[in-house]
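Here the structure comes first, spelled out in structure tokens, and everything after it is commentary.
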Amino acid sequence: QMQISPDQGQFMAFMVRAIRATNILEIGTYTGYSALVCALAMDKGRLITLDRDPVMTEVAMKFWKMANMDRIIELKLGNALDSLDELLSSEENIGSFDMIFIDADKMNYKVYYEKSLELLNKGGLIIIDNVLWHGEVADEKNNDKFTINIREFNKFVSEDKRVEQIIIPLG
């Protein structure tokens, strides 16, 4: 249930090819499916993925190795906020990513987004999963903390003049 759907995977692979991405950052690895479809869509390059779960990422690494994509995909295991700060501390990473996929803990989406903007190159693409939150964001009676957080995040991004944005219902 937490893994992206096959149609989301195909869309992401299409976007990787369309923008000719060679440097991708993923925030939230889970079983590694999204990283794998993106890596397979690249002609060359690197994909850095961040996650804190050693058990699920073990599954991911197994499949990356089977697909011979472990040469492209680099896992940074630990707290994603710390890993993002580490990436930001290196001048070569600032503005270097062609595409960034955010699909980690929803309560930190705004922080991930802000840090991603610093790492993204001009004209780059940020894809953010779960912004419709299974339709819950449209239900005004739903006021659980995750739904409220995503609703507020969506409003923040929709008002952000630094970016162009679109919501595509996939998955």
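The values are calculated or read from the model by the stated rules, or taken from the named source; none is laboratory data. Bear in mind that the values here come from a model prediction, so they are computed numbers and not experimental data. FYI the Cβ positions are ideal-geometry reconstructions off the backbone, even for glycines, and counts take in every protein chain you see. Heads up: the accessible areas ignore ligands, DNA and RNA and are worked out on the full protein's heavy atoms, side chains in. Shrake-Rupley method; radii C 1.70, N 1.55, O 1.52, S 1.80 Å.
Criterion applied to Leu47, Leu40 was being under 15 Å from the mean Cα position of the chain (by Cα) and either within 21 Å of Ile4 (Cα to Cα) or small (Gly, Ala, Ser) (or both), and the one residue passing it is Leu47. Scanning the stretch 6-22 for residues that are open to solvent by 20 Å² or more (accessible area, probe 1.4 Å) and not β-branched (Val, Ile, Thr) gives Pro6, Asp7, Gln8, Gln10, Phe11, Phe14, Met15, Arg17, Ala18, Arg20. The listed residues are Leu117, Leu81, Leu36, and the only one of them that is outside any strand (DSSP E or B) and either out of contact with any helix residue (DSSP H, G or I) (no Cβ under 7 Å at 6 or more places or on another chain) or touching a residue at least 60 places away in the same chain (Cβ under 8 Å) (or both) turns out to be Leu117. Would you say Arg17 is of a type in the set (D, E, K, R), in contact with a strand residue (DSSP E or B) (Cβ under 8 Å, 6 or more places away or on another chain) and touching a residue at least 24 places away in the same chain (Cβ under 8 Å)? It is false that Arg17 is of a type in the set (D, E, K, R), in contact with a strand residue (DSSP E or B) (Cβ under 8 Å, 6 or more places away or on another chain) and touching a residue at least 24 places away in the same chain (Cβ under 8 Å). When the test is whether a residue is in contact (Cβ under 8 Å) with a residue 40 or more places away in the chain and either of a type in the set (Phe, Trp, Tyr) or out of contact with any Cys (no Cβ under 7 Å at 6 or more places or on another chain) (or both), Ala104 passes it. Of all the listed residues (Ile73, Ile127), the sole one being under 17 Å from Ile4 (Cβ atoms) and touching a Ser or Thr at 6+ places or on another chain (Cβ under 8 Å) is Ile73. Checked against (1) open to solvent by 80 Å² or more (accessible area, probe 1.4 Å); (2) in contact (Cβ under 8 Å) with a residue 12 or more places away in the chain, Lys65 passes all but condition (2).
For the stretch 136-160, a residue qualifies if it is assigned to a helix (DSSP H, G or I), open to solvent by less than 40 Å² (accessible area, probe 1.4 Å) and not aromatic (Phe, Trp, Tyr), and the qualifying residues are Val137, Thr147, Asn149, Ile150, Asn154, Val157.
Against the test of being free of Cβ contacts under 8 Å to residues at least 40 places away in the same chain and in a loop (DSSP other than H, G, I, E, B), the options Glu86, Glu164, Glu92 yield a single qualifying residue, Glu164. Assess whether Val59 counts as being free of Cβ contacts under 8 Å to residues at least 40 places away in the same chain, more than 15 Å from the chain's Cα centre (by Cα) and either surrounded by 13 or more Cβ atoms within 10 Å (Cβ to Cβ) or assigned to a helix (DSSP H, G or I) (or both). So Val59 passes the test. Scanning the stretch 88-133 for residues that are buried (at least 19 other Cβ atoms within 10 Å of the Cβ), β-branched (Val, Ile, Thr) and out of contact with any Phe, Trp or Tyr (no Cβ under 8 Å at 6 or more places or on another chain) gives a single hit, Ile100. Among Gln10, Gln3, which is out of contact with any Gly (no Cβ under 7 Å at 6 or more places or on another chain), free of Cβ contacts under 8 Å to residues at least 40 places away in the same chain, closer than 27 Å to Trp133 by Cα and part of a loop (DSSP other than H, G, I, E, B)? That would be Gln3, the only listed residue that is out of contact with any Gly (no Cβ under 7 Å at 6 or more places or on another chain), free of Cβ contacts under 8 Å to residues at least 40 places away in the same chain, closer than 27 Å to Trp133 by Cα and part of a loop (DSSP other than H, G, I, E, B).
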